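Scroll down for the structure; my scribbles are underneath it.
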Amino acid sequence: MKPLVLEDIVDREKYVGLRPSYRAAVIDYKRSRRLAVGEDITLLFEDRETLRFQVQEMIWVEGIALPDKIQNEIDTYNELMPADRELSATLFIEITEAAEIRPALDRLIGVDEHVSLIVGEESEAIEIMARFDPKQMQEDRISAVQYIKFALDEDAQRLFCDPKRPARSEEHTS
């Protein structure tokens, strides 16, 4: 997938007028890219448009106007851009009760060893372990937002691209 470049980003002043309709359109677009994995975990599969939206929103929220600062945001989000034969997702740990956030996150330390994508079914099923962003990993803490990738070999890509074949994500509890 082609990385984002500075010309893909609308400057903050123009974005003010575009933001309500663009934001609504992207939120709607993201619905079909979201996958619940258990009660408290959701995956959002990223692509060029979802990442462009993230850059636009960061520029808006942070009041970023300088081209080098905008480029820094672009570079950061381009790291999440899926490469050839790769899926990129943001994993959200969604805990709504404030008192439960830290205990729930503590219980999920090590989740990086237990998330996979399964394409196909029965004898043809291929399990692809998630590769978590090592910059986010700490031995004793976990963030409620994790960036992960799934590398697809040729067979996995063939199964994944076949609309007749199921795909699902799993959190292994073993």
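The values are calculated or read from the model by the stated rules, or taken from the named source; none is laboratory data. Computed from a prediction, not measured in an experiment: that's the story for all the values here. A quick note on method: Cβ atoms are made from the backbone with ideal geometry, for glycine too, and the neighbour counts reach across all protein chains shown. We work out accessible area using only protein heavy atoms, side chains counted, and drop any ligands, DNA or RNA first. Shrake-Rupley method; radii C 1.70, N 1.55, O 1.52, S 1.80 Å.
So here's what we get for this one:
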quantity	calculated
Tally, over region 1-24, of residues that are charged (D, E, K, R), open to solvent by less than 70 Å² (accessible area, probe 1.4 Å) and part of a loop (DSSP other than H, G, I, E, B)	1
Among (1) farther than 22 Å from Ile101 by Cβ; (2) modelled with pLDDT of 80 or more, the one test that Ala167 misses	(2)
Inter-residue pairs, beta-carbon under 6 Å, first without any contact (Cβ under 8 Å) to a residue 12 or more places away in the chain and in region 39-58, second among the acidic types (Asp, Glu) and buried (at least 20 other Cβ atoms within 10 Å of the Cβ), 6+ apart	none
When residues of region 93-111 are limited to those that are open to solvent by less than 70 Å² (accessible area, probe 1.4 Å) and in contact with a helix residue (DSSP H, G or I) (Cβ under 9 Å, 6 or more places away or on another chain), the one nearest to Thr42 (Cα to Cα)	Ile93
Top-ranked residue in region 152-166 [being outside any loop (DSSP other than H, G, I, E, B) and touching a Lys or Arg at 6+ places or on another chain (Cβ under 7 Å); ranked as surrounded by the most Cβ atoms within 10 Å (Cβ to Cβ)]	Leu159
Total residues in region 138-151, condition open to solvent by 60 Å² or more (accessible area, probe 1.4 Å), over 16 Å from Phe92 (Cβ atoms) and either part of a strand (DSSP E or B) or not basic (Lys, Arg) (or both)	3
Among the candidates Asp68, Asp47, residue that is open to solvent by 50 Å² or more (accessible area, probe 1.4 Å) and among the charged types (D, E, K, R)	Asp68
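A quick yes/no check of all residues on (1) aromatic (Phe, Trp, Tyr); (2) outside any helix (DSSP H, G or I); (3) open to solvent by 80 Å² or more (accessible area, probe 1.4 Å):
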site	(1), (2), (3)
Val26	no, no, no
Lys30	no, no, no
Leu35	no, yes, no
Gln56	no, no, no
Ile74	no, no, no
Asp84	no, yes, yes
